[in-house]
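Values quoted throughout were computed directly from the atomic coordinates according to the rules given, and no laboratory measurement underlies them. Predicted model only: the values in this text are computed from it and were never measured. FYI the Cβ positions are ideal-geometry reconstructions off the backbone, even for glycines, and counts take in every protein chain you see.
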Amino acid sequence: MIGCTTWLHPYVFYLGAQPACKPANLVCVGRILCQMVPCGAEEVDEAIKSAHAAYLQWRKMAGMERARVICVLFIKGQHIQLPGGSFAYTRREPLGVCVGIGAWNYPFQIASWKSAPALACGNAMVFKPSPMTPVTAVILAEIYKEAGVPDGLFCVVQGGADTGTLLCQHPKVAKVSFTGSVPTGKKVMEMSAKGVKQVTLELGGKSPLLIFKDCELENAVKGALMANFLTQGEVCCNGTRVYVQREIMPQFLEKVVKRTKAIPVGDPLLDGTRMGALISKPHLEKVLGFVSQAKKEGAKVLCGGEPIVPSDPNLKGGYFMAPCVLDNCRDDMTCVKEEIFGPVMSVLPFDTEEEVIGRANNTTFGLASGVFTRDISRAHRVAENLEAGTCFINNYNISPVEVPFGGYKMSGFGRENGQVTIEYYSQLKTVVVEMGDVDSLF
Ligand SMILES: NC(=O)C1=CN([C@@H]2O[C@H](COP(=O)(O)OP(=O)(O)OC[C@H]3O[C@@H](n4cnc5c(N)ncnc54)[C@H](O)[C@@H]3O)[C@@H](O)[C@H]2O)C=CC1
Ligand SMILES: CCCC(=O)O
C-alpha cells in the first residue's frame, strides 16, 4: 500500500494505486487491486486550479482546433434579424471547470460520457470516480494525454463523499454532473444550489417493461433478459418490473426461466461467461436481502436468488449469485418498488393497456421503460404515455452515444450523449448589433 498522494502525471491526481492482480480478480474474488487515499481540500483545490489554468487556453481554441485532439460536435449559435438592418447573434460558450462524479457500475463509460462533451465544448473537467472503481478514470486521463489534451484539462481526484463534497462546494466550479443514487444526488443538488452551479443528475431507476400478448415472444423473452441481467443487473436503466399480459404469462415464464437458468456465471474475462460477480460483499448481501424480503411478502422464486461458488477454484470467495426470476409479484412489494441493482427480475401480470400504463407510471422514478408489441400504433401510444426519459420499443438497453440518455422525475434531469449534450456543457451569450443610430429615450 502507498499511503499518500502520488502524482502520476501533472494532470492526474493518482492516489497510491498499486496493481496487485487483474481487474477482474478484484471483482471476482475479493482480492485487493489497489489501495488509495482520498484527496483532501488541498489536493482538490490544486486540481481545480490546474483545470482552470488549462481551461483559459482551451476555451479560446476553435472547434476545429479542439477537433485535432477530441472529436468535436457541431457547436453553433443563431443569427436573428432585427428591424432596421440590426441583428443579434448567439454564441455557445463553455461554462468553465466542470466536475464529474461517478458511480461504480460503469466506471469508464461514466467518465467518458461526462468528460468528452465537456471538453469538446471548451470546458475543463475534474472527475471523481467511485472509491469502489478508482482506476479506469486514470486510464482515460492517460488516453486523453496521448491524444493531445493539454495538461490539467482533465484531472482525476480520488475519494468518497468528503472529496465529492469539496468538489461540489468549490467556488471555482461552474457545473456538477453526477451519476449515482437519488439520496446522494439530492445532496449534490443542494450543495450546488448554494453556489448557483448548473447540475446534471443521472440517478437511479425502477423501470417498467410492458409485454403485450401480440408480441414476438422469443424477442420479448430475450429483451426481458437484456433488461435485467446485463452487467449482473447493476444497470440504472434496467427494466426490473416486467409486466406481462395475463394470457401469455405461462409461456413467458417457462421461456424466461429456462434461459435464465442457462446463463453462464463466472470469470468475465472468458468468452463464454455472460454474468460476473457483484461489486462487493455488502452489495451481494443487500441484493440477497431483497430476495428474502420478496419471499416474505409472497413472491415465488422461480430460479436463482442464492449465492453461488463457481467451479473454478480461483473464483472462490467472489460475490457471485444466481440470476433470479420472481413470480407472484404485486405492485406494493419491496422488490417491485425499490431499486435492487442486481440480477433480480420481478414479473407481474396485467390485463389492459390503460391499467398497465397507470401501474408502470406509479413510481417516483422515471429513467427508462420498454414495450414489446407487434401493434405499431400501440407501441408509439405507450411510448408517449410512459413517464420516463427513454422508451425502448421491441428491444431493451440499447444506449449508443448518439442517443440522449437521462431521467424523468426522481431519476434526475439533464441528458448525456447525443447532440443535446452541448446544451448541458455550454452557456448561451447573446450579442446585439446596432446598425443605425441610437434611438434614445433620454
Ligand atoms: N442514471 C444513471 O445514469 C446511473 C445511475 N446510477 C445509480 O447509482 C447508484 C449506484 O451507485 P453508487 O456509487 O452506489 O451511488 P452513490 O450515490 O453512493 O455514489 C455515487 C458517487 O457519489 C459520491 N458521493 C457520495 N456521497 C457524496 C456526497 N455527499 N457528495 C458528493 N459526492 C458523493 C460517491 O463517492 C460516488 O463517486 C444506483 O442508484 C444507480 O441507479 C448508476 C449508474 C448510472
Ligand atoms: C446505459 C448506462 C447504464 C448505466 O450507467 O447504469
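Which percent, nearest 5, of DSSP beta bridges in the chain are antiparallel? Looking only at bridges with both residues in the chain, the antiparallel portion is about 40 percent. Legend: P(r) of the range 100-140 from all alpha carbon pair distances, 5 Å bins from 0, whole percents, reading 6, 27, 37, 18, 9, 2. Within the listed set SER369, SER399, SER181, the residue fluctuating most in the Gaussian network model of the chain (springs between alpha-carbon atoms under 10 angstrom) is SER399. Every helix of 4 or more DSSP H residues in the chain counts as -39500 (n - 2.57), and over all residues that averages to -10000 deg cm²/dmol at 222 nm. Entry note: the chain has Rg to Rh equal to 1.02, where both radii use alpha-carbon atoms and Rh is the Kirkwood radius.
At 37 °C and a viscosity of 0.692 mPa s, what translational diffusion coefficient does Stokes-Einstein give for the range 360-442, taking Rh as the Kirkwood radius over Cα pairs? Give it in µm²/s as a whole number.
Estimated diffusion coefficient is 207 µm²/s.
Could you grab the Rg to Rh ratio for the range 153-213? Cα atoms only, Kirkwood for Rh. Could the numbers behind the result be given before it?
Numbers: Rg = 15.1 Å, Rh = 13.1 Å.
Rg divided by Rh gives 1.15.
Calculated FRET efficiency, LYS186 to ASP375, Cβ-Cβ distance, R0 = 56 Å: about 0.90 to the nearest 0.05. Summary of packing: across the peptides 66-72, 96-102, the per-residue average of other C-beta atoms within 10 Å ranks them, highest first, as 96-102, 66-72. When all alpha carbon pairs of the range 249-323 are counted in 5 Å bins from zero, the resulting P(r) reads 3, 15, 22, 22, 20, 12, 5, 1 %. Distance from the C-alpha centroid of the range 148-224 to that of the range 98-119: 9 Å, rounded to the whole angstrom. By how many degrees, 0 to 90 and rounded to 10, does the Cα axis of helix 136-147 deviate from the longest principal axis of the chain? Orientation of helix 136-147: about 40 degrees from the principal axis.
Peptide packing for 189-198, 133-142 was compared via the average number of neighbouring C-beta atoms within 10 Å per residue; ordered from the highest value, the list is 133-142, 189-198.
Between ARG59 and PHE442, the simple label model (points 7 Å from Cα in the Cβ direction) yields a spacing of 3.0 nm.
Per residue, the convex hull spanned by the Cα atoms of the range 275-422 measures out at 154 cubic angstrom.
Report the percentage of all Cα-Cα pairs in the range 395-442 whose separation exceeds 16 Å, rounded to a whole percent. Cα-Cα pairs in the range 395-442 separated by more than 16 Å: 63 percent. Find how many whole Å separate the alpha carbon centroid of the range 366-401 from the alpha carbon centroid of the range 33-92. Cα centres, the range 33-92 to the range 366-401: 34 Å. Between ASN219 and ARG68, the modelled labels are 4.8 nm apart [label points 7 Å from Cα along Cα→Cβ]. Here the alpha carbons of the range 287-364 define both size measures, Rg and Dmax, at 15.0, 51 Å. Hydrodynamic radius of the range 178-282 by the Kirkwood approach over all distinct alpha-carbon pairs: 16.3 Å. Annotation: average projected area of the range 44-113 is 7.3 square nanometres, based on the convex hull of Cα atoms across all directions. For all pairs of alpha-carbon atoms in the range 62-178, what percent lies in each bin of width 10 Å, listed from the first bin to the last filled one? All Cα pairs, binned at 10 Å, distribute as 13, 40, 27, 12, 6, 2, 0 percent. Amide H to amide H distances under 5 Å link ALA103 with THR179, where only residues 5 or more positions off or on other chains count and H is placed in the peptide plane. Here is the link list: LYS145/LYS172; LYS187/LYS261; LYS194/LYS337; LYS49/LYS76; LYS175/LYS222. Which ones come out longer than 30 Å on Cα distance? Listed pairs above 30 Å: LYS187/LYS261; LYS194/LYS337; LYS175/LYS222.
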